[in-house]
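Engineer: The structure follows.
The values are calculated or read from the model by the stated rules, or taken from the named source; none is laboratory data. All figures in this text were calculated on a predicted structure; none of them were measured in a lab. Cβ placement follows ideal geometry from the backbone for every residue including glycine, while neighbour counts extend to all protein chains displayed. Side chains are part of the model used for accessible areas, which takes the heavy atoms of the whole protein and leaves out ligands, DNA and RNA. Shrake-Rupley method; radii C 1.70, N 1.55, O 1.52, S 1.80 Å.
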Amino acid sequence: QVQLVESGGGLVQPGGSLRLSCAASGFTFSSYAMSWYRQAPGKERELVAAIPSAGGSANYADSVKGRFTISRDNAKNTVHLQMNSLKPEDTAVYYCNAERIGLRGDKYNYWGQGTQVTVSS
């Protein structure tokens, strides 16, 4: 079955770094755009970063541009989020997402269970 398993979250001080990983299985990873979303307490889930199925040009939320980098390895079915210069406002549960739109416009969308990132001194 489809699985997206995130790892790498934890507690880090402001200014520190974390690297999140998402291991995918049960679907053709290289056919899916991959994204990282986050949801802070009392807030809506928001898109953090996205990368196309073949890799290459990624998109970032304005709040993380220049600090976060998304990457993927289609040979290992993994996607990563390198987070540098972390701020307290980056505290949230981070979710891995896979999405593909079929030829007839049908959408395939999968979510991981999330990993907690807490930025605090």
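Engineer: Distance cut-off 23 Å, Cα to Cα: go down the list K65/K107; K43/K87; K43/K65 and report the pairs above it.
Structural biologist: As for pairs spanning more than 23 Å Cα to Cα, those are K65/K107.
Engineer: Near the amide H of V48, under 5 Å away, which other amide H atoms are found, from residues 5 or more places off or on another chain, if H is placed in the peptide plane?
Structural biologist: Those qualifying (amide H under 5 Å, at least 5 residues apart or on another chain) are W36, Y37, R38.
Engineer: Right, next: On the accessible surface of the chain, probed at 1.4 Å, how many percent belong to carbon and sulfur atoms?
Structural biologist: Of the solvent-accessible surface of the chain, carbon and sulfur hold 47 percent.
Engineer: For F68, which sequence-distant residues (separation of 5 or more, or a different chain) have an amide H within less than 5 Å of its own amide H, given hydrogens modelled in the peptide plane?
Structural biologist: Answer set, sorted by chain and number: N84.
Engineer: Treating only the Cβ of Lys, Arg, Asp and Glu as charged (+1, +1, -1, -1), what charge dipole size does the chain show about its Cα centre? Round to the nearest 20 debye.
Structural biologist: Values: 12 positive and 9 negative charges, 28 e Å.
Dipole about the Cα centre, nearest 20: 140 debye.
Engineer: If you build the convex hull over the alpha carbons only and average its shadow over all orientations, what do you get for the chain? Give it in nm² to one decimal.
Structural biologist: Result: a mean projected hull area of 7.5 nm².
Engineer: Which residues does the label zone of N109 cover in the stretch 26-40, counting backbone N under 16 Å from a point 7 Å along Cα→Cβ?
Structural biologist: Correct set: 32-39.
Engineer: May I ask you to give the solvent-accessible area per residue for the stretch 41-97, in square angstrom, as obtained with a 1.4 angstrom probe?
Structural biologist: Per residue, the stretch 41-97 has 53 Å² of solvent-accessible surface.
Engineer: What trypsin sites (Lys or Arg not before Pro) in the stretch 1-72 are in a loop by DSSP, with at most 16 other Cβ atoms within 10 Å of the Cβ? Walk me through the numbers before you get to the answer.
Structural biologist: On the way: sites: R19, R38, K43, R45, K65, R67, R72; in loops: K43, R45, K65, R67.
Of the trypsin sites (Lys or Arg not before Pro), the ones in loops of the stretch 1-72 whose Cβ has at most 16 other Cβ atoms within 10 Å are K43, R45, K65, R67.
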